[in-house]
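Below is one structure; the comments refer to it alone.
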Amino acid sequence: MELALTAARGDATVVIVESGVDRYLRWADSTLVAAGDADEYRLSVVSVVGGRVGAVSVSGRVGRAEIVDAVDGAEAVARQAPPAPDARPLPEPGAASPCWDDPVRPPAPGVLAGLVEQLSTGFARAARHGQVLHGYAEHGSRTTFLGTSAGARLRHDGSAGHLELTARDGRGAPVWTSAVTDDFTDVSVAGLQDDLDRRLRWERRRVDLPPGRYECLVPPSAVADMMNYAYTTAGAAAAAQGRTAYSRAGGRTRIGETIAGIPLTLRSDPTAEGLRCAPFLVATASSGARSVFDNGLALGPTRWWEQGRLRSLVHTRHSAEELGMPLTPLVENLILEGPPGGGAEADLVARTRRGLLLTSLWYIREVDLATMALTGVTRDGVYLVEDGEVVGAVHNFRFNDSPLAMVMRATEVGRTVPTRARDWGDAVAHVAMPMLRVPDFPLTAATGAV
């Protein structure tokens, strides 16, 4: 970090160093088939020369020559780039992170060892019931260092893991469940298998239904897919330019409007328990939602929706100054909450007269940014609920809906729990979402996908 900043000759320089270890397990037909780990190391240099920006990233361990080359390369790119419209001085540095000089500690080598033991027991259980298990588990630890020529010296240490588990018994479609964790000490394979056994029993009775609008219970992972898109497209500049679903006529935005039919609150907080993320902004490139000139900007709790009303959009310093709005930068986690007392999945199922219980969404694609219309397919099981009980399994469907339209029609919200979006989990990795009851979720075509 210091070598790169000393070698810099531009007007301003940002250096980002990311160091981490990824570990994974994969199993198929109730047998471990792959395991491994990979060291991740990345140096990124962002240079500003005359209000123009250049960036160079280098992966792998680097020495003095490669570091200086990266700085020289970023400055050369900057000199040839067009002027940056969001150019401004880098943020004034606050106090350096107290752990700045501490050694980087990799996760314990046995972070997945307990899971291997649980899977061995789970494979034997599955065999007794005529089942086979497939799945994947991953754990990553990351330390991010950010230093700037303005004097910032910031560091964040984080870790996260997730597991996906699928079961087949040959009598119906495969069934799926998942878990998120920091260190896998709180993951119970037996508990996940209990859920899969229940879903396999549901699969034994098949029900054909035509496409249409159905009352659907949308689970947390599927809500996460929809909310990740609603959040990552919430740039204030694009909204003011009339290009998104957050736009109003005359260069205005929908700030202050009711956008949810029930009092939902959507918020971010770098210190949220179990969802911790960097408390400062990190950007190797500018976009509508973040600016390289904001690197090192302190992040705090932000409410994007408040009791069903749109309270904030994502601002860079440039857009906040241009639009005269409070600065609300992008934070790398997301929490959706309803009123206190939201129930678990079983509670919402018990209160359903007739509807469909979804499992997850997949192959989601943008149809129209201006309306936030999305299309995709349901995956891993759609189940018919009648008089408070699941009575059978339905084929999967294609859906067409907008996250904002979905929450506007929602009539009930369950308990908020940590989860991971099945399709767009990398967009915002640290999320907590509830189940939503949506009375008329548009399922537009039956599909043969499982």
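For n ≥ 4 DSSP H runs only, could you compute -39500 (n - 2.57) per run for the chain, divide by its residues and tell me the 222 nm figure to the nearest 500?
Details: 9 runs with 91 residues, N = 450.
Value at 222 nm, helices only, nearest 500: -6000 deg cm²/dmol.
When only DSSP loop residues count, what trypsin sites (Lys or Arg not before Pro) in segment 264-359 have their Cβ near at most 14 other Cβ atoms within 10 Å? Before the final figure, lay out each step's value.
On the way: sites: Arg267, Arg276, Arg290, Arg303, Arg309, Arg311, Arg317, Arg351, Arg353, Arg354; in loops: Arg276, Arg290, Arg311, Arg351, Arg353.
Qualifying residues, ordered by number: Arg351, Arg353.
Out of Tyr136, Cys216, Val116, whose Cα points farthest toward the positive end of the dipole of segment 113-221 (charges: +1 Lys, Arg; -1 Asp, Glu; placed on Cβ)?
Cys216
Which one of Ala179, Ala81, Val58 is farthest out on the positive end of the charge dipole of segment 57-208, using unit charges on Cβ (Lys, Arg +1; Asp, Glu -1) and the Cα centre as origin?
Ala179
Name the residue from Val385, Pro301, Ile335 whose Cα lies farthest towards the positive end of the charge dipole of segment 281-395, charges +1 on Cβ of Lys and Arg and -1 on Cβ of Asp and Glu.
Highest projection toward the positive end goes to Pro301.
Grab the other residues whose beta carbon is less than 13 angstrom from that of Val282, score K and R as +1, D and E as -1, and report the net. Provide the component values of the computation, followed by the final result.
Numbers: positive: Arg42, Arg142, Arg155, Arg290; negative: Glu18, Asp294, Glu332.
For residues surrounding Val282, the net value is +1.
Please give me the summed charge of the neighbours of Leu25: other residues whose Cβ is under 14 Å from its Cβ, Lys and Arg +1, Asp and Glu -1. The partial results should precede the final answer.
Numbers: positive: Arg23, Arg26; negative: Asp22, Asp37, Glu117, Glu138, Glu164.
Counting the neighbours of Leu25, the net charge comes to -3.
What stretch of the chain, leaving out the sites themselves, is the longest with no GluC sites (Glu not before Pro) in a DSSP loop having at most 12 other Cβ atoms within 10 Å? If you can, show how the numbers build up before the last one.
On the way: sites that count: Glu257, Glu273.
Between the exposed loop sites, the longest stretch runs 1-256.
Assign unit charges at the C-beta atoms only (+1 for Lys and Arg, -1 for Asp and Glu), then state the dipole size of the chain relative to its Cα centre in Debye, rounded to the nearest 20.
Values: 46 positive and 53 negative charges, 208 e Å.
I would put it at about 1000 debye.
Give me the distance between the Cα centres of segment 409-426 and segment 94-155, rounded to whole Å.
Each part's Cα centre sits 23 Å from the other's.
For helix 189-202, report the angle its Cα long axis makes with the longest principal axis of the Cα atoms of the chain; keep it between 0 and 90° and round to the nearest 10°.
50 degrees
Where does segment 19-139 land on Rg/Rh, using Cα atoms and the Kirkwood Rh? Walk me through the intermediate numbers first.
Numbers: Rg = 23.1 Å, Rh = 18.9 Å.
That ratio is 1.22, to two decimals.
What is the sum of charges around Ser221, taking Lys and Arg as +1, Asp and Glu as -1, for the other residues whose C-beta is under 11 Å from the C-beta of Ser221?
Working: positive: Arg379, Arg420, Arg422; negative: Glu164, Asp225, Asp380, Asp423.
Around Ser221, the surrounding residues sum to -1.
Taking every pair of alpha-carbon atoms in segment 169-314, give the share separated by more than 25 Å as a whole percent. Write out the running numbers ahead of the final one.
Working: 5391 of 10585 pairs.
When all Cα pairs of segment 169-314 are counted, 51 percent exceed 25 Å.
Of the residues Ala127, Ala240, Ala179, which exhibits the maximal mean-square fluctuation in a Gaussian network model of the chain defined by a 10 Å Cα contact cut-off?
Ala127
Hey, what angle do you get for helix 113-128 against the long axis of the chain, alpha-carbon based, 0 to 90 degrees rounded to 10?
20 degrees
At a temperature of 10 °C and a viscosity of 1.306 mPa s, determine how fast segment 100-223 diffuses translationally according to Stokes-Einstein, using the Kirkwood radius over alpha-carbon pairs as Rh; express D in µm²/s, rounded to the nearest whole number.
Working: Rh = 17.8 Å.
The estimated diffusion coefficient comes to 89 µm²/s.
Counting other Cβ atoms within 10 Å of each Cβ, which chymotrypsin sites (Phe, Trp or Tyr not before Pro) in segment 97-180 have at most 13 and sit in a DSSP loop?
Those satisfying the criteria are Trp100.
Please give the contour-minus-distance gain from Asp440 to Leu327: 0.36 nm per residue of separation, less the Cα-Cα distance, rounded to one decimal in nm.
Numbers: separation 113, 0.36 × 113 = 40.68 nm, distance 3.65 nm.
Gain on extension, Asp440 to Leu327, equals 37.0 nm.
Given the convex hull over the Cα atoms of the chain, what projected area results after averaging over all orientations, in nm²? All intermediate terms of the calculation are to be shown ahead of the outcome.
Numbers: hull surface 89.3 nm².
The Cα convex hull of the chain, projected and averaged over all directions, gives 22.3 nm².
Which shape class, rounded, prolate or oblate, goes with segment 188-250 when its Cα gyration tensor gives a ≥ b ≥ c as root eigenvalues, a/c under 1.5 marks rounded, and past that a/b bigger than b/c marks prolate? Show your work: numbers first, answer last.
Working: a/c = 6.40, a/b = 2.10, b/c = 3.05.
Cα axes put segment 188-250 in the oblate bin.
Here, each number is a calculation from the coordinates, and none is a lab measurement. This is a predicted model, so every value here is computed, not measured. Ideal geometry is used to build each Cβ from the backbone, glycine not excepted, and the neighbour counts take in all protein chains shown.
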